[in-house]
Amino acid sequence: MISENIKNLRNKTGMTQKELAEKLYVTPQAVSRWENGEVEPSIDTISTMAQIFDVTTDEIIGGPAKKPEPETVVKTEYVIATQKPVLAVCEQCNKPIYNGAEIVRKHHSGGRGSSGYTTILCKSCDEKNKKRAHEQAVANGLLQRKRSFLWGGLITALILGIVLAVTLSSNEPAGTTIGASIAALLFFPFLSCIFLKNNFIEDVFGGIASWSIRMPGLIFELSLDGILWLLTVKLALWILSGLLSIFCFLLAIAVCLVLGVFVYPFALAKNIKHPELTDVI
């Protein structure tokens, strides 16, 4: 067995008897005698041959033996998946929100005596709401511009027609007719500013037209003459208050007619450039 194993291992590695002898520091005749079974090599020589052939000594002495298979170590890893806590739930799409940066709180004012309430939205729904609100604001601005052209033009044309009809039927001088016509045309920028709702003309008109004088209290005698005096004074004060209201109304129109000429170009340009800045009606 040893002789056959030496010969097989030498042939397997492609060495000659001379090359093996040189590695073992023996003569080629000694190697030949080993392979022929005439003699057996010493234990030290067998150990050296095992190193040369990269085998175990058992493979040389007792035949080929299986090399012990490397031990396989199986490692079991346990992965514990932890779910992030739900911080909030979107009140619009009902989607759970795990990231605090995605939470958007919207405060809504309540009625009189109420502190209002707060709604919680996700960032996606908030962006959609902002986009929808912007689109609605733009549509409202475009609608108000069309109304300013339509109703401002119609009301101005009606006033101009009335002015021309009155001045021409009363045979007023040409200068009076032209002046009245120009004043009537001033209604277009004034009315257009009110319809555009992106300027202060409406506030000025409402502020001046709402001027009033607080009437004093009256002391009267509880008799027929006293009651008649009270009714007479009350009627006079009521007439005076009405005349004052008419005067304030006409004054508000006069002031706004002049202001409208200067404000209307800027209000129209603002509506064209930023229609979303129009007040919601």
| field | So Glu4, is it at pLDDT below 75, open to solvent by 100 Å² or more (accessible area, probe 1.4 Å) and among the charged types (D, E, K, R) | value | no
| field | Residue list for the stretch 163-192, filter: closer than 26 Å to Val204 by Cα, over 52 Å from the mean Cα position of the chain (by Cα) and of a type in the set (A, V, I, L, M) | value | Val163, Ala180
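This table checks each residue for (1) within 30 Å of Gly152 (Cβ to Cβ); (2) modelled with pLDDT of 85 or more; (3) surrounded by 14 or more Cβ atoms within 10 Å (Cβ to Cβ).
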| position | (1), (2), (3) |
| --- | --- |
| Arg214 | no, no, no |
| Gly217 | no, no, no |
| Glu221 | no, no, no |
| Leu224 | no, no, no |
| Gly242 | yes, no, no |
| Leu250 | yes, yes, no |
| Val258 | yes, yes, no |
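The values are calculated or read from the model by the stated rules, or taken from the named source; none is laboratory data. If you're wondering where the values come from, they're calculated on a predicted model, not measured in any experiment. We place every Cβ from the backbone using ideal geometry, glycine too, and count neighbours over all the protein chains shown. All accessible areas refer to the heavy atoms of the entire protein, side chains included, with ligands and DNA or RNA removed. Shrake-Rupley method; radii C 1.70, N 1.55, O 1.52, S 1.80 Å.
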